[in-house]
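Beneath this line is the structure, given in structure tokens, with notes to follow.
The values are calculated or read from the model by the stated rules, or taken from the named source; none is laboratory data. Just so you know, these numbers come straight off a predicted model, no measurement behind them. Note that each Cβ is placed from the backbone with ideal geometry, even for glycine, and that neighbours are counted across all protein chains shown.
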Amino acid sequence: MPLYKIGNGEDLYNHLLTNSEEIRTHTVEVGESFWTIAKFYGLTVDELIAVNPDKTPEKLQIGDEVILVVPKPVLTVATITEVEYTERIKYETEIEYSDNMYKTEKKTKVAGESGEKRVLANEIKHNGITVGREVIEEEVLKEPVTEVIVRGTKEPPKTVATGTFLMPTRGTISSRYGMRRGRMHYGLDIAAKTGTPINAADGGKVVFAGYRGAYGYLVELDHGNGYKTRYAHCSKILVKVGDKVYKGQHI
């Protein structure tokens with residue numbers, strides 16, 4: 001815009017801040033959406049979608065890069081404001097080893113908890129957009145709790161079948177193998193609390209691990225000797241198809 005066409009202060013302000021356009025990228029952070037990003041940069045959602053045809057707004061993921069076409073100002077107005085906010089402190093993880101557990105096993109000894117700190121900083125903005133922060137001071141409000149994971153060191157037993165079966169879990173037998181209500185029942189029902197460990201009745205290979213109709217979440221093992229065993233109504237599956245498991249392994 002020629003200077004002689006600038007009639008007032010508002011025209012001058014708009015000229016200085018919206019003289020041309022430039023392309024930027026924005027990395028998506030926790031809690032952000034197309035709507036919040038567009039609002040932050042003074043754009044509309046439709047404008048954002050138009051320059052990001054490969055992105056689906058409903059499937060935006062943390063870490064995605066969104067393209068922006070924003071005004072490129074002739075003049076950059078920098079402001080520094082003192083701000084105070086809280087920030088999460090990540091917890092660390094320690095590994096301990098136990099010779100009472102197999103190498104394939106691990107358990108959480110202490111659950112990790114994030115800490116929290118108060119931060120006082122100078123927030124730097126260029127034309128109203130935050131471009132950086134300079135920390136003045138920090139105060140820890142809550143110390144993080146270190147996560148402790150225990151891993152086994154014992155060599156696991158061989159995964160070949162032994163030919164005998166052990167009881168796969170602890171509980172009450174609610175229905176035995178045999179005739180039930182006029183029909184053959186080809187299984188042994190064991191009632192137990194949710195989360196009770198289920199173990200392989202003998203060594204073998206996982207041939208199915210997933211959801212299957214009336215079985216719910218199911219693990220099926222082929223023991224390689226003509227026998228297969230199924231473990232139905234699991235609340236969580238710890239193995240995958242192709243895994244070789246040993247007798248008594250938590251599956």
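On the basis of being over 20 Å from H126 (Cα atoms) and either assigned to a helix (DSSP H, G or I) or at pLDDT below 85 (or both), does Y4 make the cut?
In short, yes.
In this structure, is I251 modelled with pLDDT of 95 or more, within 30 Å of the chain's Cα centre (by Cα) and crowded, with 16+ Cβ neighbours inside 10 Å?
Details: modelled with pLDDT of 95 or more: no; within 30 Å of the chain's Cα centre (by Cα): yes; crowded, with 16+ Cβ neighbours inside 10 Å: yes.
Here the answer is no, as I251 does not meet what is asked.
In the list G132, G152, which residue meets the criterion of being small (G, A, S), out of contact with any Leu (no Cβ under 9 Å at 6 or more places or on another chain) and touching a residue at least 12 places away in the same chain (Cβ under 8 Å)? Working first, answer last.
Working: G132 fails: touching a residue at least 12 places away in the same chain (Cβ under 8 Å).
Sole residue among the options that is small (G, A, S), out of contact with any Leu (no Cβ under 9 Å at 6 or more places or on another chain) and touching a residue at least 12 places away in the same chain (Cβ under 8 Å): G152.
Could you check region 22-55 and list, in sequence order, the residues that are farther than 25 Å from K125 by Cβ and surrounded by 10 or more Cβ atoms within 10 Å (Cβ to Cβ)? Working first, answer last.
Step one: list which residues in region 22-55 are farther than 25 Å from K125 by Cβ, which gives 46, 49-50, 53-55.
Of everything in region 22-55, those that are farther than 25 Å from K125 by Cβ and surrounded by 10 or more Cβ atoms within 10 Å (Cβ to Cβ) turn out to be I49, A50, K55.
Mind checking which strands (runs of 3 or more DSSP E) fall wholly inside region 134-248 and carry at least 3 residues that are farther than 30 Å from I89 by Cα and of a type in the set (K, R)?
Working: elements: 147-154, 172-175, 178-180, 183-185, 189-191, 204-211, 217-222, 228-234.
Fully inside region 134-248 and qualifying: nothing.
Among the residues of region 198-236 satisfying the criterion of being hydroxyl-bearing (S, T, Y) and under 25 Å from the mean Cα position of the chain (by Cα), which is surrounded by the most Cβ atoms within 10 Å (Cβ to Cβ)?
Among them, the one singled out is Y217.
Given (1) modelled with pLDDT under 90; (2) of a type in the set (A, V, I, L, M, F, W, C); (3) exposed (fewer than 13 other Cβ atoms within 10 Å of the Cβ); (4) under 30 Å from V245 (Cα atoms), identify the lone condition not met by V77.
(4)
Could you check region 73-130 for strands (runs of 3 or more DSSP E) lying wholly inside it with 1 or more residues that are among the basic types (K, R)? Write out each step before concluding.
Values: elements: 78-89, 93-102, 106-110, 115-126.
Correct list: 78-89, 106-110, 115-126.
How many residues, within region 139-184, are more than 27 Å from the chain's Cα centre (by Cα) and closer than 30 Å to G242 by Cβ? Before you say what the answer is, go through the steps one by one.
Let us first name the residues in region 139-184 that are more than 27 Å from the chain's Cα centre (by Cα), namely 139, 153-184.
Narrowing further to those that are closer than 30 Å to G242 by Cβ: 153-171, 177.
Adding up the residues that qualify gives 20.
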